[in-house]
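Heads up, the thing below is written out as structure tokens.
The values are calculated or read from the model by the stated rules, or taken from the named source; none is laboratory data. This structure is a prediction, so every number in the text was calculated from the model and none was measured. For neighbour counting, all protein chains shown are included, and Cβ atoms are generated from backbone atoms with ideal geometry for every residue, glycine included.
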Amino acid sequence: MIDNLWLEDGSLMKKNKNKVTNKQLVFMIIQAQIGVGILSLPHDVALVAKQDGWISTLLAGVISQVIILIIWGLCRRFPSLSLYQILPNLLGKVLGKFITLSYALYFMVTGSLVLARYSDIIDKWILPRTPNWITMVLVLITCIYIVGAGVTSIARFYVLVSPILFLLIVLISYSLKDANFLYIFPIGGTDLQTIFKGTKEAAFSMLGFELFLFIHPFVQASGKGKLKAITTANIFVTTYYTFMVFASLVYFETNTDIALTPEPLLYMIKAYSFQVLERTDLFFLSLWLIVVATSIANWLFLSAMGFASLFKKIPYTSFLPLVAGIYLVLALLPDQERDFESFNKFLGPSHYIFIIMIPFLLLIVSLVLSKKEEVNRG
């Protein structure tokens, strides 16, 4: 019965053919949270919270965990339904489909912004003479291939590429030999209100755990096991981001250097070369491209799944080329840094609505109306 629910709601993906283990869930959430924002995060946080930017990042991880608990609470009440199926179940068919469409469009805009920032970095650091649309098309084709293979294949791919994150840590750690740890002092010198403002910048870079709302029915684990997995992923990401921010803060002087350095991590490692590796920054970016591709693949997957849930009997794979094409058009719109800022200002309130408010309200509605999924354990 539970397997048939997926077919009737239009996702056309049988759970028995799309299983994800609890360990794979950890890596899926990690890859969803770590993306293009890692390069600019130290700069963005330091502009607001100064030398206490690393504290802001830690607090952002705590806030993320609170949101994760809300999301997990909702999913626990509907263990075999994704958010796209929970919405009509709780709010009715008309309102449920409207919010589903809103989610699909939200993921589409978010994914196109990630794609645009990816292309901008490639243009500035690696291929300045290559038209942006070419690099975008190449990564979109790769993402379509990854996503089209199904949830199990996506999970396996994310596990396969996760060791890259540790290689990035090694490269950044090497640059700390020239760090000046006095730059981090005085610890707590920034007022608490400013630190919390920096938390907002860090929190947006940690988004991605909302993927759990849509893949939790495929995870072969208990409710507590799933919570443990996504909590483990969030702790890792929080530690990872905090280390990157801390490393940047002790390498660059906060009030001058890092304020003028939009991608501090790249400038840190650019100064070093090895006998077999002359351009360390290009090697770093080569690894980073894979990490960003997984992030774009997530948004592509969630957008396509949203449209598939609106049209019964049409698999989500049929929507992938169309959604990717819209991603390409939207990503080509931002041309300068102020355009990216405009996109971010538009998406800022959207993040609060779709990642926090709607799941929280759905949880409240399900509790007030005593609605939850009756799972047949026989």
>> Could you check region 120-173 and list, in sequence order, the residues that are more than 19 Å from ILE29 (Cα to Cα), of a type in the set (Phe, Trp, Tyr) and without any contact (Cβ under 8 Å) to a residue 40 or more places away in the chain?
In response: TYR145
> Which condition number in (1) touching a helix residue (DSSP H, G or I) at 6+ places or on another chain (Cβ under 7 Å); (2) surrounded by fewer than 22 Cβ atoms within 10 Å (Cβ to Cβ) is the one that SER102 fails?
Replying inline: (1)
> With respect to LYS197, is the statement that it is touching a Ser or Thr at 6+ places or on another chain (Cβ under 9 Å), in a helix (DSSP H, G or I) and either charged (D, E, K, R) or modelled with pLDDT of 90 or more (or both) true?
Replying inline: yes
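Here are ILE55, ILE30: which of them is of a type in the set (A, V, I, L, M) and either at pLDDT below 85 or within 19 Å of the chain's Cα centre (by Cα) (or both)?
Details: ILE55 fails: either at pLDDT below 85 or within 19 Å of the chain's Cα centre (by Cα) (or both).
Every option except ILE30 fails the conditions.
Return a yes/no flag: does region 249-258 have any residue that is free of Cβ contacts under 8 Å to residues at least 40 places away in the same chain and more than 30 Å from ALA155 (Cα to Cα). Give the steps one after another, and end with the answer.
Start the filter on region 249-258 by keeping residues that are free of Cβ contacts under 8 Å to residues at least 40 places away in the same chain, which leaves 256-257.
Next, from what is left, pick out any that are more than 30 Å from ALA155 (Cα to Cα): 256-257.
Yes, region 249-258 contains at least one residue that is free of Cβ contacts under 8 Å to residues at least 40 places away in the same chain and more than 30 Å from ALA155 (Cα to Cα).
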> Among the residues of region 131-148, which ones are loosely packed, with under 13 Cβ neighbours inside 10 Å and either of a type in the set (S, T, N, Q) or closer than 30 Å to HIS216 by Cβ (or both)?
Replying inline: ILE141
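From the residues in region 208-237 that are assigned to a helix (DSSP H, G or I) and touching a strand residue (DSSP E or B) at 6+ places or on another chain (Cβ under 6 Å), which one is surrounded by the most Cβ atoms within 10 Å (Cβ to Cβ)?
Start the filter on region 208-237 by keeping residues that are assigned to a helix (DSSP H, G or I), which leaves 209-218, 223-237.
Okay, now just the ones that are also touching a strand residue (DSSP E or B) at 6+ places or on another chain (Cβ under 6 Å), so 218, 226.
Numbers: PHE218: 26, LYS226: 21.
Among them, the one singled out is PHE218.
Quick one: is LEU74 among the aliphatic types (A, V, I, L, M), in contact with a His (Cβ under 9 Å, 6 or more places away or on another chain) and either under 25 Å from VAL139 (Cβ atoms) or at pLDDT 85 or above (or both)?
Numbers: among the aliphatic types (A, V, I, L, M): yes; in contact with a His (Cβ under 9 Å, 6 or more places away or on another chain): no; either under 25 Å from VAL139 (Cβ atoms) or at pLDDT 85 or above (or both): yes.
For LEU74, the condition - among the aliphatic types (A, V, I, L, M), in contact with a His (Cβ under 9 Å, 6 or more places away or on another chain) and either under 25 Å from VAL139 (Cβ atoms) or at pLDDT 85 or above (or both) - is not met.
Table: residues versus (1) among the aliphatic types (A, V, I, L, M); (2) modelled with pLDDT of 75 or more; (3) in contact with a Lys or Arg (Cβ under 8 Å, 6 or more places away or on another chain).
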| residue | (1), (2), (3) |
| --- | --- |
| TYR327 | no, yes, no |
| LEU330 | yes, yes, no |
| GLN336 | no, no, no |
| ASP339 | no, no, no |
| SER342 | no, no, no |
| TYR352 | no, yes, no |
| MET357 | yes, yes, no |
| SER370 | no, yes, no |
| VAL375 | yes, no, no |
> So how many residues does region 154-173 have that are among the polar types (S, T, N, Q) and part of a helix (DSSP H, G or I)?
Replying inline: 1
> Across region 81-95, what is the total count of residues that are small (Gly, Ala, Ser) and either surrounded by fewer than 18 Cβ atoms within 10 Å (Cβ to Cβ) or within 14 Å of LEU369 (Cβ to Cβ) (or both)?
Replying inline: 1
> Here are some conditions: (1) more than 23 Å from the chain's Cα centre (by Cα); (2) on the phi > 0 side of the Ramachandran plot. PHE185 meets all but one. Which one does it not meet?
Replying inline: (2)
>> Of the residues SER205, SER162, SER153, SER175, only one is over 19 Å from GLN33 (Cβ atoms) and buried (at least 17 other Cβ atoms within 10 Å of the Cβ); which?
In response: SER175
